[in-house]
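Here the structure is laid out as structure tokens; the discussion comes afterwards.
The values are calculated or read from the model by the stated rules, or taken from the named source; none is laboratory data. The structure presented is a predicted model; accordingly, all values stated were derived computationally and were not measured. Please note: Cβ atoms are built from the backbone with ideal geometry, for glycine as well, and neighbour counts cover all protein chains shown. Accessible surface areas use protein heavy atoms only, side chains included; no ligands, DNA or RNA. Shrake-Rupley method; radii C 1.70, N 1.55, O 1.52, S 1.80 Å.
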Amino acid sequence: MNHYQLHTESIVLDSHCDTPLRMMEGHDVVQRSNTGHFDLERMKDGKVDAVFFAVYTSNALSPEQASSRALNMVAKIHDLVAQNAHMVGLGLHPKDVYTLRAEDKLTIFMGMENGSPIQKDLSLLRLFYKLGVRYMTLTHAGNNEICDSCATKEPRWNGLSPFGIEVVNEMNNLGMMIDVSHISDAAFYDVLKYSSSPVVATHSCCRAICDAPRNMSNQMIKDLAAKDGVIQINFYPAFLDKKYAEAFKPLCNKYEDLQELWKQDPVKYGSLYKEAEEEMMALKTPSYKVVVDHIDHVVSLVGPAHVGLGSDFDGIETTPQGLDSIADMSVITKELLHRGYSEDSVRNILGLNFLRVFSACVNTSCQH
């Protein structure tokens, strides 16, 4: 079987896509576009069956602001699905991928990136679940009421907070997946300790290849797999390749600083902002083959049953060479076959591994 045929016949799932950020800015994410990394037409082009839209809120927001923004994002996702019911459906259960695929429709799931919108109230967690959120990344780039982040210098809780332990228990009860991307190493191990269900890293890479706090160590990957979890490889070049990351960081910092100034005074800082963006984008990114290097590394540690794809599209400034958007996902399949992976292993990596964990969380919940 050639790679395109295998890719087309497989269930292909991307576990983390930040397109709701573009939706909040008023972008059309239905029609094929040259901007961003995702739209429904390019999703069809890429033969991708399902994506998890990230309901992202910044740790800089107050809990009340985070709740409001998250609800707004969820509402926009519901509207998107309702207005395009001829081509897409909202996923609430793993089996929905198969049902919608049989109807020649795409599946949009929702995951919440950062637990701040639930404030310190489990009833809000239950509400977001009822609205369709099927995983929650416990925090993002800062410590919150649930746990510590990998991005902060000083821990607040040294892992999960007492409330965070309650959150893990309630997520298990609901059948909501726990996402350990972005959280501190100590919080990761607390989650493994307290969760009765397997957990996921929806968009992370391997620290052994690219030494960054956001990536997972060999031991973390082994321990995640020992509880039947899965790590979904992130496409962000700065998490894939250390050399690129070192060159990219100062350019990105300059770009982000000028972006803030440009928002305050577009006339004064417009040209400087554009120059910074062009300079950042001109830096050559690593090939899409490095994504498969990270997959290879996970497989060398724990086998092919514990790895998948979590692009972080529309949440990253740059993409790997040859993997510019969701339309290009079949290059991963091609490279996996080129490296000698069996057809069954490729199918598992493309989506079935993640669906297995999703199903396990649902099946062990109190609501099952």
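Would you mention how many residues in region 228-282 are among the aliphatic types (A, V, I, L, M) and open to solvent by less than 50 Å² (accessible area, probe 1.4 Å)?
Total meeting the criteria: 11.
Taking the condition on the phi > 0 side of the Ramachandran plot, of a type in the set (S, T, N, Q) and either open to solvent by 20 Å² or more (accessible area, probe 1.4 Å) or in contact with a strand residue (DSSP E or B) (Cβ under 6 Å, 6 or more places away or on another chain) (or both), does residue 31 pass?
no
When region 34-46 is filtered for residues that are surrounded by fewer than 16 Cβ atoms within 10 Å (Cβ to Cβ) and closer than 30 Å to residue 142 by Cβ, only 35 remains.
Within region 21-46, being farther than 18 Å from residue 98 by Cα, assigned to a loop (DSSP other than H, G, I, E, B) and not acidic (Asp, Glu) holds for 26, 27, 29, 30, 31, 32, 33, 34, 35, 36, 37, 38. Just give me the residues in region 50-62 being surrounded by fewer than 15 Cβ atoms within 10 Å (Cβ to Cβ) and under 20 Å from residue 178 (Cβ atoms), in sequence order. Matches in region 50-62: none. Scoring residue 284 on the criteria (1) closer than 30 Å to residue 354 by Cβ; (2) part of a loop (DSSP other than H, G, I, E, B) leaves a single failure, condition (1).
Regarding residue 193, is this residue surrounded by fewer than 18 Cβ atoms within 10 Å (Cβ to Cβ) and under 29 Å from residue 79 (Cα atoms)? Spelling it out, it is not the case that residue 193 is surrounded by fewer than 18 Cβ atoms within 10 Å (Cβ to Cβ) and under 29 Å from residue 79 (Cα atoms). Would a scan of region 201-219 turn up a residue that is crowded, with 24+ Cβ neighbours inside 10 Å and acidic (Asp, Glu)? No, every residue in region 201-219 fails to be crowded, with 24+ Cβ neighbours inside 10 Å and acidic (Asp, Glu).
A single member of 290, 307 is within 19 Å of residue 13 (Cβ to Cβ), open to solvent by less than 70 Å² (accessible area, probe 1.4 Å) and either basic (Lys, Arg) or at pLDDT 95 or above (or both), and it is 307.
Before we move on, is residue 314 under 20 Å from residue 47 (Cβ atoms), acidic (Asp, Glu), touching a Gly at 6+ places or on another chain (Cβ under 6 Å) and modelled with pLDDT of 95 or more? So residue 314 fits the description; yes. All of 166, 170 fail the test of being of a type in the set (D, E, K, R), open to solvent by 10 Å² or more (accessible area, probe 1.4 Å) and within 22 Å of residue 358 (Cβ to Cβ), apart from 170.
For every residue, the table says whether it meets (1) open to solvent by 20 Å² or more (accessible area, probe 1.4 Å); (2) among the polar types (S, T, N, Q); (3) more than 23 Å from residue 328 (Cβ to Cβ); (4) not in a helix (DSSP H, G or I).
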residue	(1), (2), (3), (4)
48	no, no, no, yes
64	yes, no, yes, no
71	yes, no, yes, no
78	yes, no, yes, no
104	yes, no, no, yes
110	no, no, yes, yes
123	yes, yes, yes, no
126	yes, no, yes, no
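Every test in (1) at positive phi; (2) at pLDDT below 95; (3) of a type outside the set (D, E, K, R) is passed by residue 366 save one, and that test is (1). If you go through region 80-102 and keep only what is open to solvent by less than 60 Å² (accessible area, probe 1.4 Å), of a type in the set (A, V, I, L, M) and not in a loop (DSSP other than H, G, I, E, B), you end up with 80, 81, 88, 90, 97, 100.
Scanning region 1-20 for residues that are open to solvent by 30 Å² or more (accessible area, probe 1.4 Å) and not in a helix (DSSP H, G or I) returns 1, 2.
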